[in-house]
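First the structure, which I've put down as structure tokens, then a few questions once you've had a look.
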Amino acid sequence: MLGRILFGLTLLFFTASLFASTGLRDYQSPNRLAVGAAARSSIISNSSESLYRTTLAREYNMITPENELKWKATEPAQNKFNFSSADVIATFALKNGMKIRGHNLLWGLSNPTWLTQGQYSATQLQSIMENHISKVMTHYRTQFPGIVTTWDVVNELINAGPGIWTPLGKSTDKVTQAFNIASIALKAARAADPSAKLCINEYSLERNGSATNTYKLVSRLKKAGIPLDCVGFQGHLSTGSVTKSQWIASLTAFAKLGVEVHITEFDATNAPPAQYSNAINACLSVPQCKAFITWGFTDKYTWRGTAAHPLPFDEKYNKKPAYDTLKNALATN
Ligand code: G3I
């Protein structure tokens, strides 16, 4: 009798601990859907932030370094690379069976002063860009094989504009300009890591994706045979709602161009469960939607400031209703 009780208790304990260690990452195969969050190396390294680490590793199978792979961090002086912060995240990912989304290889923002103030010619800019893409991607391909599976090769090229990269656009037409710049970057990225997924990442695509200049850009790149595997929908939502059908229509329109679609930086002011539900369920109903990533995971650390509360965990790492929405969608689809 005592033996049975002990056995029962052990089983109960075992089941409870199994349940406790289940995270969002456990409900879908990573090939169907990567479930991720942006993270910061400084917090991963902070000895008093163990809940940050355990939550991140338990819940997610993909991390996007929030700032550590931007030019300012990786090439602070010309051709002198610094991977120390991003390597902290790659090491964490390796240890916890996670993959990394490399963010990003080209953007009009967060660039080092030597680059923004250098007044380089188009020819010089092209070789600076090709060198950067090659060195950064080669570091991760060789030092962390199989970890950085996906790269945001170009970020916000249409909506934020090309900034310092404008001379490589060789046109005043926004789409042509973006096409010329993206072509150089994507070709350099394919040469540096032929097996990585190469993405264009952009905001404001979710409501009416097929009407955007990014849609025109992707369409032209695919027609021209430029290497491009995926389009990232950032999905930063503030006021107003995005319906599930808007998400589905926009994701599907891009998918029909022959690319995967990823939701890459999701957050929503006050984390309304309906907004989380619309996005995740839309993604799960589009076969080419292969990643759902939030921009951070705890309201303690969000680029939107402490008043926005846009993420699935509160400041104390408690699960919020938005978390349950994600879990239910992932578990039932
Ligand atoms: O690390 C420095 C620190 O040394 C310095 O003392 C401090 C003073 O301001 O700045 C710190 O750097 C800040 C960095 O975040 C790290 O916290 C930068 O000023 C700040 O501009 C930077 O903001 C980031 C922003 O991109 C610009 O790169 C946000 O954290 C990051 O969430 C945000 O992420 C972007 C995506 O890359 C692209 N899509 C939109 C998204 C939100 O804006």
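The values are calculated or read from the model by the stated rules, or taken from the named source; none is laboratory data. What you see is a predicted model, and the numbers here were worked out from it, not measured in a lab. Here the Cβ positions follow ideal geometry from the backbone for every residue, glycine too, while neighbour counts run over all protein chains shown. Note: areas computed on protein heavy atoms with side chains; ligands, DNA, RNA excluded. Shrake-Rupley method; radii C 1.70, N 1.55, O 1.52, S 1.80 Å.
What is the sum of charges around residue 176, taking Lys and Arg as +1, Asp and Glu as -1, for the other residues whose C-beta is under 15 Å from the C-beta of residue 176?
On the way: positive: 170, 174, 216, 220, 223; negative: 173.
It works out to a net charge of +4.
Give, as a single signed number, the net charge of other residues whose beta carbon lies under 14 Å from the beta carbon of residue 141, with Lys and Arg counted +1 and Asp and Glu -1.
Details: positive: 99, 135, 190, 197; negative: 87, 193.
Computed value for this residue: +2.
Per-residue counts of other Cβ atoms within 10 Å, averaged by peptide: what ranking do you get for 291-297, 254-260, highest first? Before the final figure, lay out each step's value.
Numbers: 291-297: 25.7, 254-260: 18.0.
Ranking the peptides 291-297, 254-260 by packing returns 291-297, 254-260.
Taking θ as phi - 60°, what are the ³J(HN,Hα) couplings along segment 232-242 by the Karplus curve (6.51, -1.76, 1.60), each to the nearest whole Hz, with x for Gly and Pro?
Taking θ as phi minus 60°, the curve returns x, 8, 4, x, 8, 10, 10, 7, x, 10, 10 Hz for segment 232-242.
Mind pulling up the Rg/Rh value for segment 55-135? Radius of gyration and Kirkwood radius, both on Cα. Please report the intermediate quantities before stating the final value.
Numbers: Rg = 14.6 Å, Rh = 13.8 Å.
Here Rg/Rh amounts to 1.06.
Still on this structure, I have one more. Any idea which of 155, 266, 183 is furthest toward the positive side of the dipole for the chain, if Lys and Arg beta-carbons carry +1 and Asp and Glu beta-carbons -1?
Of the listed residues, the answer is 183.
Return the long-range amide H neighbours of residue 269 (sequence gap of 5 or more, or a different chain), with a cut-off of under 5 Å between placed amide H atoms.
237, 238
Computed over the Cα atoms, what is the radius of gyration of the chain divided by 2.2 N^0.38 Å, N being its residue count? Provide the component values of the computation, followed by the final result.
Details: Rg = 20.6 Å, N = 333, 2.2 N^0.38 = 20.0 Å.
For the chain, the normalised Cα radius of gyration comes out at 1.03.
With a/c under 1.5 counting as rounded, go ahead and sort segment 187-271 into rounded, prolate or oblate using the C-alpha gyration tensor (a ≥ b ≥ c being the square roots of the eigenvalues; past the cut-off, prolate if a/b is larger than b/c, else oblate).
Numbers: a/c = 2.68, a/b = 1.71, b/c = 1.57.
Verdict is prolate for segment 187-271.
If you don't mind, there's one more thing I want to ask. Once phi is turned into ³J(HN,Hα) by the Karplus curve 6.51 cos²θ - 1.76 cosθ + 1.60 with θ = phi - 60°, what whole-Hz value does each residue of segment 307-314 show in order, with x for glycine and proline?
For segment 307-314, the Karplus-derived couplings read 7, 7, 6, x, 10, x, 10, 7 Hz, x marking Gly and Pro.
Between residue 127 and residue 238, with labels modelled 7 Å along Cα→Cβ, what's the label distance in nm to one decimal, could you check?
About 4.3 nm, to one decimal.
Taking the Cα centre as origin and putting +1 on Lys and Arg beta-carbons and -1 on Asp and Glu beta-carbons, what dipole magnitude results for segment 177-247, to the nearest 20 debye?
Computed charge dipole of segment 177-247: roughly 240 debye.
So, with a 1.4 angstrom probe, what is the percent of accessible area on the chain that is carbon and sulfur? Walk me through the intermediate numbers first.
Details: 7870 of 14090 Å².
Carbon and sulfur together cover 56 percent of it.
How many times 2.2 N^0.38 Å is the alpha carbon radius of gyration of segment 276-329?
Working: Rg = 12.0 Å, N = 54, 2.2 N^0.38 = 10.0 Å.
Normalised by 2.2 N^0.38 Å, the Cα Rg of segment 276-329 equals 1.20.
Residues with amide H under 5 Å of residue 264's amide H, sequence separation 5 or more or different chain, H placed in the peptide plane at 1.01 Å from N; which?
Excluding prolines and chain starts, which carry no amide H, the hits are 233, 234, 293.
Under a point-charge model restricted to the Cβ atoms of Lys and Arg (+1) and Asp and Glu (-1), what is the dipole moment magnitude of the chain relative to its Cα centre, in debye to the nearest 20?
On the way: 33 positive and 22 negative charges, 107 e Å.
Here the size comes out at about 520 debye.
Okay, moving on. Between segment 257-333 and segment 172-191, how many Å separate their Cα centres?
With segment 257-333 and segment 172-191 each reduced to a Cα centre, they are spaced 30 Å.
How many percent of the alpha carbon pairs in segment 128-228 exceed a separation of 17 Å?
Values: 2605 of 5050 pairs.
Looking at segment 128-228, the distances longer than 17 Å represent 52 percent of pairs.
Another one. Tell me which residues come under 5 Å, amide H to amide H, from residue 38 once H is placed; ignore anything under 5 positions away on its chain.
Long-range HN contacts for residue 38: 64, 294, 295, 296.
While we're looking at this one, here's another question. Spelling out what I want: for every residue of segment 183-200, take phi, set θ = phi - 60°, compute 6.51 cos²θ - 1.76 cosθ + 1.60 (Karplus), and round to whole Hz; glycine and proline get x.
Working through the residues one at a time gives 4, 5, 5, 5, 5, 5, 5, 4, 5, 7, 8, x, 9, 7, 7, 10, 10, 9 Hz.
Another question, then. How much accessible area per residue does segment 164-248 have, counting only protein heavy atoms and a probe of 1.4 Å, in square angstrom?
Numbers: 3470 Å² over 85 residues.
Per residue, segment 164-248 has an accessible area of 41 Å².
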